[in-house]
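Engineer: One structure coming up, written as structure tokens, with questions to follow.
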Amino acid sequence: MSLRLKLTLWYGLLVLVVLILLAGIRVAGQRQLLQNQIDYALRVVADIVDSSLPRRTPTRETIQKAVARIIKDYPDIELKGAVIEVYDGERRLIYSSSLAEEERLPLTDEMWSTAHRQKSHLVTTELPDGSEIRILTKSIFDRQLLAYVIQVGRSSREAESSQQNALLVNTLFIVAAILLVSVGGWWLTRRALAPLQTVMQTAHRISSGELSHRIETAGYSEEIRELAQAFNQMTGRLEASFRQITDFSDNVSHELRIPLSILRGQTEVSLRRARSEEEYRQVLLSNLEEVQRMEKIVERLLFLSRADRGEITIVRAQVDLRDLVTSVAAQFAVPTQQKQLRLAVEIPDAAGPKDLLSPPDGMVTIGDELLLRELLLNLLQNAVTATPAGGSVTLGLARRDGGVDLSVADTGCGIPPEEIPHIFERFYQVDRSRASQGSGLGLSLCQWIVEAHGGRITVDSAVGRGSRFIVSLPAPPEPIQRTR
């Protein structure tokens with residue numbers, strides 16, 4: 001069953017229940033109103049008869065004359081259709097306006113005993129023909145003695161006929177209203193659900209691989225616009241994710257194909273003829289470099305994959321950035337000398353007591369020392385790789401409000417302005433030929449480490465003048481005594 005049909009049925013069912021309740025209330029109210037009108041008419045007739053009957057020595061002739069005079073003097077609607085009967089104190093029928101025996105009003109023992117206790121009594125009873133009649137029994141006392149018992153009855157046929165007519169009108173009205181509501185509900189739901197049809201068509205296109213499709217939000221209601229915007233945002237994220245997956249697969253294939261091709265080529269060349277031990281040694285060393293390169297790529301891919309899933313545990317502790325910068329710079333002393341580069345370290349002079357976690361110069365942070373070391377090693381390796389012989393690489397540490405800045409600057413070739421927004425993307429390399437030994441994962445790894453420590457990384461670069469990467473890390477929340 002379609003949603004449109006379900007909404008139409010539910011809407012029609014709701015309207016049907018409401019109309020039935022309203023019709024029931026209306027019929028019940030009308031029935032009560034008609035009964036009140038009949039009761040009022042019976043009381044009026046009984047009061048008129050009571051006021052016209054003689055109290056002493058009544059005879060059948062005198063009572064008939066009195067009732068005839070009542071009908072003549074009060075030709076009102078209350079008397080129309082009413083049956084009047086008068087009994088004396090001995091329960092003998094003195095007068096009856098009905099000539100037929102079967103049309104006379106019943107005077108039961110309960111009615112007679114009630115007449116002795118009170119002045120009037122209303123009851124609805126059923127006649128032998130199955131019709132209902134409303135009877136008012138009124139007692140008249142003279143000097144504490146029961147003189148008369150007046151019964152006035154009126155058939156409920158007129159009220160029942162009116163009730164049946166009202167019920168028929170209500171039924172026809174409900175049927176017509178349900179038909180109208182069903183047609184209107186079908187049209188309204190069709191119009192309201194039309195945007196969902198567009199969403200389904202777009203979803204089918206997307207499922208077939210056309211992720212560039214979007215839903216137009218103009219002309220729809222606010223709720224449908226919000227749904228379409230959320231769907232478009234989800235589609236955009238899916239498209240970006242699929243594009244990233246595709247690029248990732250292509251880049252991984254490209255990065256691993258190069259060292260594998262080198263390994264295969266060198267191995268094939270070395271096997272074409274017999275070679276000396278030194279030549280085989282050189283081939284194995286070259287192959288080892290390529291294997292190490294692939295191993296580094298795989299390790300970084302696994303690390304970033306685990307980081308995306310939130311599986312990397314950061315061991316946070318006090319990190320003295322002075323010692324960290326000095327230690328990392330010492331690791332690069334030999335590589336920079338071999339490439340004829342000048343390595344400079346710019347660290348402010350230490351001041352203040354050494355037994356505090358946050359000394360006055362603020363050169364500490366809270367983080368994972370191994371990850372921060374990996375961050376600096378990657379940045380320095382990139383700087384050394386990008387700087388030609390005779391250049392310089394500078395590793396700096398500076399205080400700032402609310403934290404510490406680590407910087408790695410070089411005098412290399414620099415980064416074009418249009419490349420800067422993409423350098424932190426995985427496998428992205430400024431060198432399009434990929435002639436360098438990099439894998440395009442180092443800066444992505446650096447960015448994740450910085451963000452995991454609550455910091456940010458920025459770059460300032462110009463072609464031909466070098467680059468400067470700045471890592472801003474937060475300071476510890478408050479000074480804590482260092483554990484001895």
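The values are calculated or read from the model by the stated rules, or taken from the named source; none is laboratory data. As the structure is a prediction and not an experimental result, all values here were calculated from the model. Cβ coordinates were reconstructed from backbone atoms using ideal geometry, including for glycine residues, and neighbour counts include every protein chain displayed. Surface accessibility is based on the protein's heavy atoms, side chains included, excluding ligands, DNA and RNA. Shrake-Rupley method; radii C 1.70, N 1.55, O 1.52, S 1.80 Å.
Engineer: For region 116-177, which strands (runs of 3 or more DSSP E) that fit wholly inside it have 2 or more residues that are open to solvent by 50 Å² or more (accessible area, probe 1.4 Å)? Write out each step before concluding.
Structural biologist: Details: elements: 120-126, 132-142, 145-155.
In region 116-177, the matching strands (runs of 3 or more DSSP E) lie at 120-126, 132-142.
Engineer: Only one of these conditions is not met by R275: (1) in a helix (DSSP H, G or I); (2) surrounded by 11 or more Cβ atoms within 10 Å (Cβ to Cβ); (3) modelled with pLDDT of 80 or more. Which number is it?
Structural biologist: Condition not satisfied by R275: (1).
Engineer: Look at I70 and say whether it is modelled with pLDDT under 75 and open to solvent by 80 Å² or more (accessible area, probe 1.4 Å).
Structural biologist: no
Engineer: Would you tally the residues in region 376-392 being touching a residue at least 60 places away in the same chain (Cβ under 8 Å) and either in a loop (DSSP other than H, G, I, E, B) or touching a strand residue (DSSP E or B) at 6+ places or on another chain (Cβ under 7 Å) (or both)? Steps first, please.
Structural biologist: First, pick out the residues of region 376-392 that are touching a residue at least 60 places away in the same chain (Cβ under 8 Å): 378-379, 381-383, 386-387, 391.
Narrowing further to those that are either in a loop (DSSP other than H, G, I, E, B) or touching a strand residue (DSSP E or B) at 6+ places or on another chain (Cβ under 7 Å) (or both): 379, 383, 386-387, 391.
So the count comes out to 5.
Engineer: Shifting gears a bit: Got at least one residue in region 362-375 being open to solvent by less than 10 Å² (accessible area, probe 1.4 Å), at pLDDT below 85 and in contact with a strand residue (DSSP E or B) (Cβ under 7 Å, 6 or more places away or on another chain)?
Structural biologist: Applying the first criterion (open to solvent by less than 10 Å² (accessible area, probe 1.4 Å)) to region 362-375 yields 363-365, 367, 372, 375.
Adding the requirement that they be at pLDDT below 85 leaves 363.
Filter once more, keeping what is in contact with a strand residue (DSSP E or B) (Cβ under 7 Å, 6 or more places away or on another chain): 363.
Checked against the condition, which is being open to solvent by less than 10 Å² (accessible area, probe 1.4 Å), at pLDDT below 85 and in contact with a strand residue (DSSP E or B) (Cβ under 7 Å, 6 or more places away or on another chain), region 362-375 yields at least one hit.
Engineer: So in region 212-229, with the set limited to residues that are open to solvent by 50 Å² or more (accessible area, probe 1.4 Å) and hydrophobic (A, V, I, L, M, F, W, C), which one is modelled with the highest pLDDT?
Structural biologist: Among residues in region 212-229 that are open to solvent by 50 Å² or more (accessible area, probe 1.4 Å) and hydrophobic (A, V, I, L, M, F, W, C), the one modelled with the highest pLDDT is L227.
Engineer: I would also like to ask the following. Those residues that are over 54 Å from the mean Cα position of the chain (by Cα) and free of Cβ contacts under 8 Å to residues at least 24 places away in the same chain, I need them from region 314-350; list them, please.
Structural biologist: A330, A333, V334, Q337, Q338, D349 - these are the residues of region 314-350 that are over 54 Å from the mean Cα position of the chain (by Cα) and free of Cβ contacts under 8 Å to residues at least 24 places away in the same chain.
Engineer: One residue is enough: does region 24-33 have a residue meeting the conditions assigned to a helix (DSSP H, G or I), over 44 Å from the mean Cα position of the chain (by Cα) and among the polar types (S, T, N, Q)?
Structural biologist: Yes; the residues of region 24-33 include at least one that is assigned to a helix (DSSP H, G or I), over 44 Å from the mean Cα position of the chain (by Cα) and among the polar types (S, T, N, Q).
Engineer: Still on this structure: Take region 278-289 and flag every residue that is among the charged types (D, E, K, R) and open to solvent by less than 90 Å² (accessible area, probe 1.4 Å). Steps first, please.
Structural biologist: Quick first cut of region 278-289, residues among the charged types (D, E, K, R) only: 278-279, 281, 289.
The answer is E279, and nothing else.
Engineer: Does L341 meet the test of being closer than 21 Å to T394 by Cβ, at pLDDT 90 or above, in contact with a Gly (Cβ under 6 Å, 6 or more places away or on another chain) and not charged (D, E, K, R)? Talk me through it step by step, then tell me what you get.
Structural biologist: Numbers: closer than 21 Å to T394 by Cβ: yes; at pLDDT 90 or above: yes; in contact with a Gly (Cβ under 6 Å, 6 or more places away or on another chain): yes; not charged (D, E, K, R): yes.
When the stated conditions are applied, L341 passes them.
Residue-by-condition table, conditions (1) open to solvent by 70 Å² or more (accessible area, probe 1.4 Å); (2) more than 30 Å from W187 (Cβ to Cβ):
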{"residue": "L9", "(1), (2)": "yes, no"}
{"residue": "L14", "(1), (2)": "yes, no"}
{"residue": "L22", "(1), (2)": "yes, no"}
{"residue": "D39", "(1), (2)": "no, yes"}
{"residue": "R43", "(1), (2)": "yes, yes"}
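Engineer: Go through region 412-459 and report how many residues are at pLDDT 85 or above and farther than 30 Å from P474 by Cβ.
Structural biologist: Looking only at that region, the number is 3.
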